[in-house]
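The next block holds one structure in the form of structure tokens; read it before the comments.
Only the coordinates and a few stated rules stand behind these numbers; no lab work does. A quick note: this is a predicted structure, and the numbers were derived from the prediction, not measured. Cβ: placed from backbone, ideal geometry, glycine included. Neighbour counts: every protein chain shown.
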Ligand SMILES: [Zn+2]
């Protein structure tokens, strides 16, 4: 969906991207990878406006932080 812009469930093409945010106290859509706000990874969401399916992605550059923290 991120690459194609097409919903895998209903083939709809009306896709909206909601950028992930890291705000005060860890609010916003993100994954916490440490004790401070600086160590949260934003999660971007893609929503299909035709059927409501959502998909979530993190930036590849942030993947090592998640691996380090969760395993
Ligand atoms: Zn859809």
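Within the stretch 23-51, take every residue that is within 15 Å of the ligand (Cβ to nearest atom) and closer than 26 Å to residue 65 by Cβ and give me the one that is nearest to the chain's Cα centre (by Cα). Working first, answer last.
Kept after step one, since they are within 15 Å of the ligand (Cβ to nearest atom), are these residues of the stretch 23-51: 45-51.
Now narrow it down to the ones that are closer than 26 Å to residue 65 by Cβ: 45-47.
Details: 45: 5, 46: 8, 47: 11 Å.
Among those residues, the one meeting the criterion is 45.
If I go through the stretch 52-71 residue by residue, how many of them are within 16 Å of the ligand (Cβ to nearest atom) and touching a helix residue (DSSP H, G or I) at 6+ places or on another chain (Cβ under 9 Å)?
Taking the stretch 52-71 as the starting set, the residues that turn out to be within 16 Å of the ligand (Cβ to nearest atom) are 52-56.
Applying the additional criterion that residues be touching a helix residue (DSSP H, G or I) at 6+ places or on another chain (Cβ under 9 Å) yields none.
Qualifying residue count for the region: 0.
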Worksheet item: Just checking, how many residues over the stretch 1-20 are touching a strand residue (DSSP E or B) at 6+ places or on another chain (Cβ under 6 Å) and in a loop (DSSP other than H, G, I, E, B)?
Response: 7
Worksheet item: Out of all the residues in the stretch 3-22, which are more than 14 Å from the ligand (Cβ to nearest atom) and exposed (fewer than 12 other Cβ atoms within 10 Å of the Cβ)?
Response: 3, 19
